[in-house]
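The values are calculated or read from the model by the stated rules, or taken from the named source; none is laboratory data. On a predicted model such as this, the values are computed, not experimentally measured, just so you know. Note: ideal-geometry Cβ built from the backbone for every residue, glycine included; neighbour counts use all protein chains shown. To get the accessible areas, we keep the full protein, side chains included, count just its heavy atoms, and leave off ligands, DNA and RNA. Shrake-Rupley method; radii C 1.70, N 1.55, O 1.52, S 1.80 Å.
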2 protein chains.
Amino acid sequence: MSSNIHLALVHFPVYNKGGEIVVSSVTTLDVHDISRTCRTYGVESFYLITPLETQQRLVRRVVDHWVTGHGAEYNPTRKEALVRTRMGNSLQDVLDDIRERTGQDAKTLITDAKTFPQSIGYERMKAVLGESGQFLLVFGTGWGLEKRIVQDADYVLAPIEGVNGFNHLPVRGAIAIILDRLFGRDPLRNQ
Amino acid sequence: MSSNIHLALVHFPVYNKGGEIVVSSVTTLDVHDISRTCRTYGVESFYLITPLETQQRLVRRVVDHWVTGHGAEYNPTRKEALVRTRMGNSLQDVLDDIRERTGQDAKTLITDAKTFPQSIGYERMKAVLGESGQFLLVFGTGWGLEKRIVQDADYVLAPIEGVNGFNHLPVRGAIAIILDRLFGRDPLRNQ
């Protein structure tokens, strides 16, 4: 299995509750949950982005435990999920890595509550993703991606809209929903 | 806001890796993630089901912190998500609670990899949920719901299918995807 879809979870630069640009902490459960979700939908590589060396080491320990350590034997499906999980120092670093591995520049895709010239619906985005080329879906932690990442994105999807304007999904849930909207299918569609 | 949709996360009876029936542990992150996802899609009540009194107390402490304690002021949207989170001793207990609160017996809805006489596609299920009556979406933890819960369900949805048969989504992600399939919408559908 190999696909042209990559996903990044950004821990810097993101906003905190007060609107300042910060480095958010890596949540080890994100490593597991998002790796499993990415594997479910055939995402080629999942990058955790943080400039903090200690946090990168923590993630590498988790991944190594399940991919080559005791965990690989205990739960082989977890190994299968985590084998495509990588680290990056920055978004540029990840884009460089994708270019090196595939020979192509990836287009970036984010979600934002505001509408931009690059805003696109899910159905049209599905058609674009079916074309050739590499695509990187970029998600922010904390209170969201720094605005320059948003402005520079090639495509902007609408966020998941809640009832009565509630818009506070966990990032793990938002990623699952967006991957399903873009790549999911219903085997019992007509039953 | 009030709806006819309820959701339960079952910690007993479920299977462990060895196929034995066990009580799984409550994960406090599930309390937050699933409450936020339920609130996003307008689910009326989210029940965590466990017979263990110590685990029930743990969940109540988490919920109380955010609903009436310091957390309510620190993050009002978290309060809004958790105010509909409840505890149940058993699935029957939850069904009794729904009947007491609404005057109606809830129909149960589960997902399973196998096909049953009650199996139904997502599109048809959406139409059923639009009818009157109460509905309880039931999800298992660990290695899945005990088989009698599955056999007794009023409706069975197909699980989320992965690429190359990978079928190991975290329950938090599966709930997010299924609620989006049943209740989500794309505001930029034609853009």
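Side notes on the structure shown:
- In range of the label at B:Arg57: residues from region B:22-36 whose backbone nitrogen is under 16 Å from the point 7 Å along Cα→Cβ: B:26
- Bridgeable aspartates and glutamates around A:Lys147 (alpha carbons under 20 Å apart, same-chain partners fewer than 8 residues away excluded): A:Glu20, A:Asp93, A:Asp112.
- Net lengthening on full extension, B:Trp143/B:Ser90 (0.36 nm per residue, minus Cα-Cα): 17.3 nm
- Equivalent-ellipsoid semi-axes of region B:110-191, from the Cα gyration tensor, Å, largest first: 22, 18, 12
- Excluding exposed DSSP-loop GluC sites (Glu not before Pro) (at most 13 other C-beta within 10 Å), longest clean stretch of chain B: B:21-130
- Computed magnitude of the charge dipole of region A:1-93 (debye, nearest 20; Cβ of K, R +1, Cβ of D, E -1): 140 debye
- Net charge contributed by nearby residues that have their C-beta within less than 11 Å of A:Gly162 (K/R +1, D/E -1): 0
- Taking the label point 7 Å along Cα→Cβ, B:Asp154 and its counterparts in the other copies are spaced 4.7 nm apart, in ascending order.
- Rounded to 5, the percent of DSSP beta bridges in chain A classed as antiparallel: 10 percent
- Between A:Asn16 and A:His168, the contour length at 0.36 nm per residue exceeds the alpha carbon distance by 53.3 nm.
- Residues of region B:75-91 with amide N under 12 Å of a point placed 7 Å along Cα→Cβ from B:Val23: B:89-90
- Each listed q (0.23, 0.26, 0.29 Å⁻¹) maps to a log10 I(q)/I(0) for region A:1-41, found by the Debye formula over equal Cα scatterers with no solvent: -0.84, -0.92, -1.00.
- Computed about its Cα centre, the charge dipole of chain A is approximately 340 debye, with only Lys, Arg, Asp and Glu carrying charge at their Cβ.
- Take the accessible area of A alone and of B alone, subtract that of the pair with a 1.4 Å probe, and the total buried over both chains is about 4200 Å².
- Amide hydrogen proximity for B:Ala8: with H placed 1.01 Å from N in the peptide plane, the residues at 5 or more positions away or on another chain lying under 5 Å are B:Tyr47, B:Leu137, B:Val138, B:Phe139.
- Pairwise centroid distance, computed over Cα atoms, of region A:1-54 with region A:81-110, Å: 11 Å
- All alpha carbon pair distances within the protein assembly as shown were sorted into 10 Å bins beginning at 0; the resulting P(r) in whole percents reads 5, 22, 34, 26, 11, 1, 0.
- Sorted from greatest to least, the principal axis extents spanned by the alpha carbons of chain B come out as 49, 47, 39 Å.
- Basic side chains Lys and Arg get +1 at the Cβ, acidic Asp and Glu get -1 at the Cβ, and with that the dipole of region A:59-140 about its Cα centre reaches some 180 debye.
- Protein accessible area in region B:82-191, 1.4 Å probe - carbon and sulfur %: 43 percent
- Using θ = phi - 60° in the Karplus curve 6.51 cos²θ - 1.76 cosθ + 1.60, the 3J(HN,Hα) couplings for region B:4-11 round to 9, 10, 10, 9, 10, 10, 9, 9 Hz; x is entered for Gly and Pro.
- Largest to smallest in accessible area, the residues A:Asp180, A:Asp152, A:Asp96 fall in the order A:Asp152, A:Asp96, A:Asp180 (1.4 Å probe, all protein chains included).
- Along principal axes, Cα extents of region B:22-78, largest first, whole Å: 36, 26, 16
- Over region A:53-114, the hull volume per residue, using the convex hull of the C-alpha atoms, is 136 Å³.
- The label-point distance for A:His65 and A:Asp154, in a model that sets each label 7 Å from Cα toward Cβ, rounds to 3.7 nm.
- Compactness ratio for region A:1-99: Cα radius of gyration over 2.2 N^0.38 Å (N = residue count) comes to 1.09.
- Taking 4 °C and 1.567 mPa s as conditions, region B:62-173 diffuses translationally at an estimated 79 µm²/s according to Stokes-Einstein applied to its Kirkwood radius (Cα pairs).
- Cut-off of 10 Å, at most 12 other beta carbons, DSSP loop: longest stretch of chain A lacking such trypsin sites (Lys or Arg not before Pro): A:18-113
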